[in-house]
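Visitor: I have a structure I would like to understand better, so I am pasting it below and will then ask my questions one at a time.
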């Protein structure tokens, strides 16, 4: 009996205007936007390549090791899957320098200088957003008259006179409508994939296809939730016009109003002040200890006095050493720069002292920075990250928010995905510092002085950022997908209970 | 006759579900908007006033010497926040709110150094903001997105519904002209939408005016009136669209599907997609290219003034004054060129998105609320004219001092008299309604044109259709 019912419903749905309209609009929007998004991605990729090349060139030209204004700079590659959900990929900093005095984080990252900063005024959309808006609307349009319509026309009573269980009717309607809704989704996605694979700039790996599969899964779950919301409305109303009106307002509320309104209404406290202050104090204490150790070294040093420059006064160079703090991003660091282009003969005897001092100072700086990072990391998670995540959780009260979070997690453009890059950058900082250490570069003349030998960068290990494996994406995305599926299940059970007990 | 039909429509609507839901939705949105504005605006104003005071203090510290003023300029110039920020946010978070004129980047060992020039901030603020992206709930959003959707929900079945029920035939059997039916329906829907909308707007303004920290002056009320008028025109446009489709289509369900899909394409996607396409047409100077050009021109200028006759210190002083002035001008020109390229890219994108009425309405709201892109360009213009004024002041003051050698830009060559703080022109960031009318006339006319086209389309469709 069930297959017959499904077939009937399927034919009913397929031959409708709304099905044709859904297919048409999805194809139109997805194909047009994919073309635009691919262009955009290609531009970003070109900018990325330019930036990487520029920094490599600058590094090769650099004749001292000490990381001054430039040094080793890492560039975050654009994510090819940002076409599906751009997330934070475009918005957060994309370039970070590697310094001994601090671990690189996204809070210090800059934008590489290709793009027009005003472009942020124009909002950009991704395929995920099209699915989010159009699919949910389509699902409701398919669902609003599923029961109310049959009830109005009287066919429901007719169907129920046969020996058909009510559960089967619901199931048949659900399965057939979902099949119909999947058609526009899958076809438009296929077109998008064709365009994607045709683009020379984008090469998708097997993992990427799995991720796209994950996005499809999330889309299906999302579709199912909205279909069932419409179905529920249809089950509780007696007239299709009422059902339609209700469905449209629910859609407007869940997709349009709620996500934008909730963050404005809920007054989130500013960053927990005590936590930030205590973390900053702790970090300051560590740096003060660093300062003390440094002074102790200088006092014990054979050179008289506590001059960090060992009396070297040269016009062709500069050096400074300042403590910076930023309470907003919990940043606390000594910014130290030392750069001589040449040293006068009469100061030459002082240079070995400076070298010796650096042999002691830089490893100490690195160790201190590592300790500071441990504190800062926890404080950042407790304040900024927790606050942002709380807002994301609030957004998840609407299925649209859950869907957005799930697709972001699959594409790797969510906060965790971006933080992966900075994790890799921190790892790379360790590698670079070990490389310096192995060369004994901290104590070398060319750490700060560019008169005799030049720095040799040829053996520096290269940085390459691989996005985390698809399992990690799945781990981040599946809770949200499961949440959508759970919501579907609950909704379906609710509808079942309502429908079984209702008068026809 | 029209009024009779309109009244009937109105009564019918007042009892309907959509009327209740619309009232609820609009009220919730408008109240949120007011509460958020009350919370944010005093902070914004405080920040602005603090910044301006700090900037004035910096200026006061420099005022004792004319050369210091020439060299280091009048301090940071801040954009004044608009009191109508709640009408349109305009992406203020990603627009810089300050122009930091700064001294130059070089100085010579003999004391000569580059002088003040305008510099435009090139970094995006907000780079480390890890919070989720959401649209601000401002009037532009409420009206542009929500009200337009509601307008379609009020009209999709206006004619097709009656046709389905058969009442249309009944009505036309009487001696009622068809246009009367159409306009009656139009006005009925308009009034029944205006009731919840006006209530929501009034509630919003009521909440806003209870607070003493947010005060609206006569000019602001005038602007609010214009914004309300634009909202009205925009609503009419969508009502006309709804009537057009409703008149052509036999069944109201089909009419709604068509309308919703049109709405989604027109309102949600067209502005974004077109903006993405249009912004690809031009590519402004990149930061690296800019730096390269600055270095190039600076080098060329230095070469030009490198040789001189040591026996003529007077002439040399004049030359050096010319050099630093030219250097500053040249640098400012390059800065300006880069900025105008960036602005042009956005301008291009914005003019293409005008195809979508929601983009038009957003532009209009921003223009009249004094926020967003247009406002930013106006701020930059104000800054430039102030810079001119400031330089004129310096030259004038120097000219009036008989002891000065009139070599503006060189310490020894300038007036050493103290400058009165009161005499220095201060930066005032002001808006003019006149200018706003000029820049927005096009958008308003387009909006009106859209409405007329759709309404006459609806009329033609309805007059010629078989019942």
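Visitor: Tell me the angle of helix B:270-279 to the major Cα principal axis of chain B, expressed in degrees between 0 and 90 and rounded to the nearest ten.
Guide: 30 degrees
Visitor: Moving to a separate point now. Starting from the Cα-Cα distance between residue A:58 and residue A:475, subtract it from 0.36 nm times their residue separation and give me the gain in nm to one decimal.
Guide: Values: separation 417, 0.36 × 417 = 150.12 nm, distance 3.94 nm.
Gain on stretching residue A:58 to residue A:475: 146.2 nm.
Visitor: Label points 7 Å out from Cα along the Cβ direction at residue A:498 and residue A:423: separation in nm?
Guide: Going from the residue A:498 label point to the residue A:423 one covers 4.3 nm.
Visitor: Related question: Taking a ≥ b ≥ c as the square roots of the eigenvalues of the Cα gyration tensor of region A:174-228, is the shape rounded (a/c under 1.5), prolate (a/b larger than b/c) or oblate? Walk me through the intermediate numbers first.
Guide: Values: a/c = 3.79, a/b = 2.08, b/c = 1.82.
Note, shape of region A:174-228 comes out prolate.
Visitor: If you build the convex hull over the alpha carbons only and average its shadow over all orientations, what do you get for region B:170-241? Give it in nm² to one decimal. Display every interim value, and only then the final one.
Guide: Details: hull surface 25.3 nm².
That works out to 6.3 nm², a quarter of the Cα hull's surface.
Visitor: So what is the orientation-averaged projected area of region B:236-369, using the convex hull of its C-alpha atoms, in nm²? Let's see the in-between values first.
Guide: Values: hull surface 49.5 nm².
Orientation-averaged projected area of the Cα hull: 12.4 nm².
Visitor: OK, next. What FRET efficiency would be calculated for the residue pair residue B:396, residue A:110, taking the C-beta separation as r and a Förster radius of 45 Å, to the nearest 0.05?
Guide: Details: r = 42 Å, r/R0 = 0.93.
After rounding, the FRET efficiency stands at 0.60.
Visitor: Consider all pairwise Cα distances in region B:23-85 and report the whole-number % of them above 13 Å. Working shown, then result.
Guide: On the way: 1357 of 1953 pairs.
Cα-Cα pairs in region B:23-85 separated by more than 13 Å: 69 percent.
Visitor: Starting from the eigenvalues of the Cα gyration tensor, five times each then square-rooted, give me the equivalent ellipsoid semi-axes of region A:61-125, largest first, whole Å. Can you show the working numbers first?
Guide: Details: eigenvalues 154, 32, 23 Å².
They are 28, 13, 11 Å, listed from largest to smallest.
Visitor: Let me ask something else about it. Taking 25 °C and 0.890 mPa s as the conditions, I'd like the Stokes-Einstein D for region B:3-116 in µm²/s, using the Kirkwood hydrodynamic radius from alpha carbon pairs. Mind showing how you got there, number by number?
Guide: Numbers: Rh = 19.1 Å.
It comes out at roughly 129 µm²/s.
Visitor: Given R₀ = 25 Å, FRET efficiency for residue A:155-residue A:490 by Cβ-Cβ distance, to 0.05?
Guide: With R0 = 25 Å, the Cβ-Cβ based efficiency is 0.35.
Visitor: Express in nm, to one decimal, how much length is gained between residue B:460 and residue B:44 on full extension, taking 0.36 nm for each residue of separation and deducting their alpha carbon distance. Please list the in-between numbers first.
Guide: On the way: separation 416, 0.36 × 416 = 149.76 nm, distance 5.10 nm.
Computed gain between residue B:460 and residue B:44 is 144.7 nm.
Visitor: State, to one decimal in nm², a quarter of the convex hull surface area for the C-alpha atoms of region A:349-432, i.e. the direction-averaged projected area. Don't skip to the answer; put the middle values down first.
Guide: On the way: hull surface 29.1 nm².
If I average the Cα hull's projected area over directions, I get 7.3 nm².
Visitor: Can you give the three extents of the C-alpha atoms in chain A along their principal axes, from longest to shortest, in whole Å?
Guide: Answer, in whole Å and largest first: 108, 50, 36 Å.
Visitor: For a bin width of 10 Å, list the pair-distance distribution of region B:193-275 built from all Cα-Cα distances, rounded to whole %.
Guide: Cα pair-distance distribution for region B:193-275, in percent: 14, 30, 29, 19, 7, 0.
Visitor: Something else now. For chain B, what is the convex hull volume of the alpha-carbon atoms per residue, in Å³? It would help to have the intermediate numbers written out before the result.
Guide: Details: hull volume 78.7 nm³, N = 467.
Once divided by residue count, the hull of chain B is 168 Å³.
Visitor: Continuing with this model, one more query. In degrees, nearest 10, range 0 to 90: what is the angle between the Cα axis of helix A:386-395 and the longest Cα principal axis of chain A?
Guide: Approximately 10 degrees, to the nearest 10.
Visitor: Now, a different point. I'm checking a number: the convex hull volume of the Cα atoms of region B:39-186, normalised per residue, in Å³. What is it? Please list the in-between numbers first.
Guide: Details: hull volume 29.7 nm³, N = 148.
Spread over its residues, the Cα hull of region B:39-186 gives 201 Å³ apiece.
Visitor: Could you pull out which residues in region B:262-299 have an amide N less than 20 Å from a spot 7 Å beyond the Cα of residue A:50, following the Cα-Cβ vector?
Guide: Residues B:276-297 qualify, since their backbone N sits under 20 Å from the label point.
Visitor: What is the list of residues in region A:356-395 whose amide nitrogen lies under 15 Å from a point 7 angstrom out from the Cα of residue A:265, following Cα to Cβ?
Guide: A:394-395
Visitor: Taking only the Cα atoms of region B:361-452, how large is their convex hull per residue, in Å³? Each step should come with its number before you reach the end.
Guide: Values: hull volume 10.4 nm³, N = 92.
Spelled out: Cα convex hull of region B:361-452, divided by residues, is 113 Å³.
Visitor: Under a point spin-label approximation (7 Å from Cα along Cα-to-Cβ), what is the residue A:201-residue B:54 distance to one decimal in nm?
Guide: Placing both labels 7 Å along Cα→Cβ, they lie 3.9 nm apart.
Visitor: While we're looking at this one, here's another question. In whole angstrom, and with the biggest value first, how far do the Cα coordinates of region A:117-233 range along each principal axis?
Guide: 63, 35, 17
Visitor: Using 10 Å bins from zero, what percent of all Cα-Cα pairs in region A:288-440 falls into each bin?
Guide: 8, 26, 27, 17, 12, 7, 3, 0
Visitor: With only alpha-carbon atoms in the gyration tensor, what are the semi-axes of the equivalent ellipsoid for region B:394-435, in Å, largest first? The partial results should precede the final answer.
Guide: Numbers: eigenvalues 185, 26, 15 Å².
Taking √(5λ) for each Cα gyration eigenvalue gives 30, 11, 9 Å.
Visitor: What percentage of all Cα-Cα pairs in region B:124-230 are separated by more than 19 Å? Please list the in-between numbers first.
Guide: Details: 3599 of 5671 pairs.
Of the Cα pairs, 63 percent sit more than 19 Å apart.
Visitor: To continue, here is another question. Grab the beta carbon distance between residue A:288 and residue A:326, set R0 = 25 Å, and tell me the FRET efficiency rounded to 0.05.
Guide: Details: r = 18 Å, r/R0 = 0.70.
Once rounded, the FRET efficiency stands at 0.90.
Visitor: Points 7 angstrom from Cα along the Cβ direction at residue B:329 and residue A:430: gap in nanometres?
Guide: Those two pseudo-labels are separated by 5.9 nm.
Visitor: A follow-up question, please. Taking each pair of different alpha-carbon atoms in region A:57-182 once, compute 1/r for the pair, average those values, and report the inverse of that mean as the Kirkwood hydrodynamic radius in Å to one decimal. The partial results should precede the final answer.
Guide: Numbers: mean 1/r = 0.0493 Å⁻¹.
Final number for the Kirkwood radius of region A:57-182 is 20.3 Å.
Visitor: With angles folded into 0 to 90 degrees, how steeply does helix B:178-210 sit against the dominant principal axis of chain B? Use alpha carbons for both and round to 10.
Guide: Orientation of helix B:178-210: about 50 degrees from the principal axis.
Visitor: Could I ask something else about it? Given the rule -39500 (n - 2.57) for each run of at least 4 DSSP H residues, summed and divided by the residues of the protein assembly as shown, what is its mean residue ellipticity at 222 nm, to the nearest 500 deg cm²/dmol? Before the final figure, lay out each step's value.
Guide: Numbers: 31 runs with 610 residues, N = 971.
Calculated from helices alone, the mean residue ellipticity at 222 nm is -21500 deg cm²/dmol.
Visitor: Ok, one more. Return the Rg/Rh value of region A:16-100, two decimal places, where both radii are evaluated on C-alpha atoms and Rh is the Kirkwood radius. All intermediate terms of the calculation are to be shown ahead of the outcome.
Guide: Values: Rg = 20.0 Å, Rh = 15.8 Å.
For region A:16-100, the value is 1.26.
Visitor: Quick one: what Rg and Dmax do you get for the protein assembly as shown from the alpha carbons, in Å?
Guide: Expressed in Å, the Cα Rg and Dmax of the protein assembly as shown come to 33.2, 116.
None of the figures in this text is laboratory data; all of them are computed from the coordinates on show. None of these values were measured; they are calculated from a predicted model. Cβ: placed from backbone, ideal geometry, glycine included. Neighbour counts: every protein chain shown.
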